[in-house]
Amino acid sequence: MKKCVALLLAGVMVLSLTACGGGGGSQSANTAAAPAAGGAQTEAGSSAASAGAEGKTKITFINGFTGGDGPFMSKIVDGFNESQDQYFIEQLQDSDHYTKFKADNFDMLIIHADWISTYHALGLLREVSDIYEKAGISFENDFHPITQTYAKYDDGVFAFPLDLYAETFFYNKELVETPPANYADLIALRDKLDSENSQVYPIGLPLTGDHQWAWMTALGQSGCNWVEGEHIKMDTEEVCDAFMKVHDLIYVDHLSAAGLGDQDHYNTFVNESTDNANVKVAMSLTGPWKYVTAKEILGDNLGIGTLPQIYGDTPCVPAGGHTFAVSADVTDEAKLEGIAAFMQYAYQPDVMLNWADAGQAPIHLATMEQVKADPEKYPVANVNYGVFDDAMILPAIYNIREQVKYVNANVWSLVLQTPDLTREQLMEELKNATEIATELSEQ
């Protein structure tokens, strides 16, 4: 077992989720060719100084927004740099931003909500209550209450919440007249589509690609308690039941085709699957960042709805979030004043709306009100705002990202790739997942 744990730790997760875009690094428009902190080079290979930083207090900021949402964060950063002449935010957008943050002494970073607990335990983040006060922002009053489950600890507040992104339900209006609300509705849709003959299925469950959200949906909607102390606990009958529901969805009730490949829960929705070109799905459970491309392909036939109750009666929508955080190494008072000035600027609703323009759902209450006032412009955010109270983020326990790796890879592949799966086979893997997670929680 120790060998398994060592192998898991060897592949330390570089948390560049699809929500943060994909591909190589890029720079903010005003910081093109700027060096990373500590003299490190950017992915572009340049180490030239930032022309706009001369004579100003420079604050280095790294994030993983290397996809379509990157320019929108750059717009916020550039707007701040142009709005005053005391401070300069030097931004690096890099797909490996967590590794580079720890290696190159950046002052600020974007950190996912479920990663804060580990960075907090390792002492990498600064307590930021004083920065809140300088910026005139109230953590308790200016953000949705769910933020208190991941940004606040016994020794203070360690992040500025930016958004919450939830599993998003897209459907093709040509195939779905009324979005299914439950499992029985999915069965009825399967029969209408004649799935086994037409190869058009209600939904798709891929081997990889949002698969963590897929099993979190099954456990959450089934009402499972899958955390014990500081580690996940998978070796229970109720968790086994939930995973068997996923298996039976494919192999008993044929609501999804078997053998779908990477990202095919979405690719078969927009007719872009390479490995399963003959399969089509009527609905896709994916991230809000897929909205722009789905809209481009399906146009007015793209529907957005609330996640159906597929596995049980407990409302649950898997979610994640982005936050701003400050390095524990930042002690320079001028930098702290500059960070406070940036936060004060960024959390103006008219500025934060840039992030809503990226397809994200800002979690700042005043900005939320403006987004809600324009549902046609911000359709995904408005749907996701309706599920925030039922959102499930990975639990705020140490090393949680490492703890779920075995479930993501081994348990999930067993469930999806074993037509005649038995409860005994599944329980053995669930016990392995629990044992590994327990050891990881003690590292």
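The figures follow:
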| quantity | calculated |
| --- | --- |
| Helices (runs of 4 or more DSSP H) wholly inside segment 45-147 containing at least 1 residues that are in contact (Cβ under 8 Å) with a residue 12 or more places away in the chain, hydrophobic (A, V, I, L, M, F, W, C) and open to solvent by 20 Å² or more (accessible area, probe 1.4 Å) | 70-83, 97-104, 116-121 |
| Selected residue (only one of Q344, Q360, Q425, Q403 is under 29 Å from L260 (Cβ atoms), touching a residue at least 40 places away in the same chain (Cβ under 8 Å) and out of contact with any Phe, Trp or Tyr (no Cβ under 9 Å at 6 or more places or on another chain)) | Q403 |
| Any hit, segment 256-263, residues being open to solvent by less than 30 Å² (accessible area, probe 1.4 Å), of a type outside the set (D, E) and at pLDDT 95 or above | yes |
| Matching option when the condition is open to solvent by 20 Å² or more (accessible area, probe 1.4 Å), touching a helix residue (DSSP H, G or I) at 6+ places or on another chain (Cβ under 9 Å), in a helix (DSSP H, G or I) and of a type outside the set (K, R), among D313, D350 | D350 |
| Filtered residues of segment 148-168 (kept if assigned to a loop (DSSP other than H, G, I, E, B), under 17 Å from T118 (Cα atoms) and touching a helix residue (DSSP H, G or I) at 6+ places or on another chain (Cβ under 8 Å)) | Y150, A151, F158, A159 |
| All positions within segment 264-293 that are among the polar types (S, T, N, Q) and either in a loop (DSSP other than H, G, I, E, B) or buried (at least 21 other Cβ atoms within 10 Å of the Cβ) (or both) | N267, T268, N271, S273, T274, N276, N278, S284, T286 |
| Residue within segment 180-190 that is assigned to a strand (DSSP E or B) and buried (at least 16 other Cβ atoms within 10 Å of the Cβ) present | no |
| Test: residue in segment 67-76 that is over 20 Å from L162 (Cα atoms) and either of a type in the set (V, I, T) or in contact with a helix residue (DSSP H, G or I) (Cβ under 8 Å, 6 or more places away or on another chain) (or both) | no |
| Options A366, A340, A334; residue that is over 23 Å from the mean Cα position of the chain (by Cα), of a type in the set (G, A, S) and surrounded by fewer than 18 Cβ atoms within 10 Å (Cβ to Cβ) | A334 |
| Checklist (1) open to solvent by 20 Å² or more (accessible area, probe 1.4 Å); (2) out of contact with any Asp or Glu (no Cβ under 9 Å at 6 or more places or on another chain) applied to N172, failing item | (1) |
| Close pairs from segment 246-275: first hydrophobic (A, V, I, L, M, F, W, C), partner surrounded by fewer than 15 Cβ atoms within 10 Å (Cβ to Cβ), Cβ under 6 Å, at least 6 apart | I250/A258; V270/I297 |
| Among the candidates Q417, Q370, Q403, residue that is among the polar types (S, T, N, Q), in contact with a strand residue (DSSP E or B) (Cβ under 8 Å, 6 or more places away or on another chain) and at pLDDT 95 or above | Q403 |
| Scan of segment 378-392 for residues that are part of a helix (DSSP H, G or I), open to solvent by 30 Å² or more (accessible area, probe 1.4 Å) and hydrophobic (A, V, I, L, M, F, W, C), ordered by number | V383 |
| Scan of segment 393-443 for residues that are crowded, with 17+ Cβ neighbours inside 10 Å and part of a loop (DSSP other than H, G, I, E, B), ordered by number | I393, L394, P395, A396, I397, Y398, N399, V404, L421, S441 |
| Condition met for S222 (in contact (Cβ under 8 Å) with a residue 12 or more places away in the chain, under 17 Å from P179 (Cβ atoms) and touching a helix residue (DSSP H, G or I) at 6+ places or on another chain (Cβ under 8 Å)) | no |
| For E428: the one exception among (1) under 20 Å from H231 (Cα atoms); (2) in contact with an Asp or Glu (Cβ under 7 Å, 6 or more places away or on another chain) | (2) |
| Qualifying residue in segment 202-211 (condition: surrounded by 15 or more Cβ atoms within 10 Å (Cβ to Cβ) and part of a helix (DSSP H, G or I)) | yes |
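Residues are listed down the side, and each one gets a yes or a no for (1) farther than 20 Å from V326 by Cβ; (2) at pLDDT 95 or above; (3) touching a strand residue (DSSP E or B) at 6+ places or on another chain (Cβ under 7 Å); (4) aliphatic (A, V, I, L, M):
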| site | (1), (2), (3), (4) |
| --- | --- |
| S28 | no, no, yes, no |
| T31 | no, no, yes, no |
| P71 | yes, no, no, no |
| I76 | no, yes, no, yes |
| N81 | no, yes, yes, no |
| H97 | no, yes, yes, no |
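The values are calculated or read from the model by the stated rules, or taken from the named source; none is laboratory data. Owing to the predicted nature of the structure, the values given are computational and were not obtained by experimental measurement. So basically every Cβ, Gly included, is an ideal-geometry build from the backbone, and we count neighbours across all protein chains shown. In case anyone asks, the SASA skips ligands and DNA or RNA and just uses the protein heavy atoms, side chains included. Shrake-Rupley method; radii C 1.70, N 1.55, O 1.52, S 1.80 Å.
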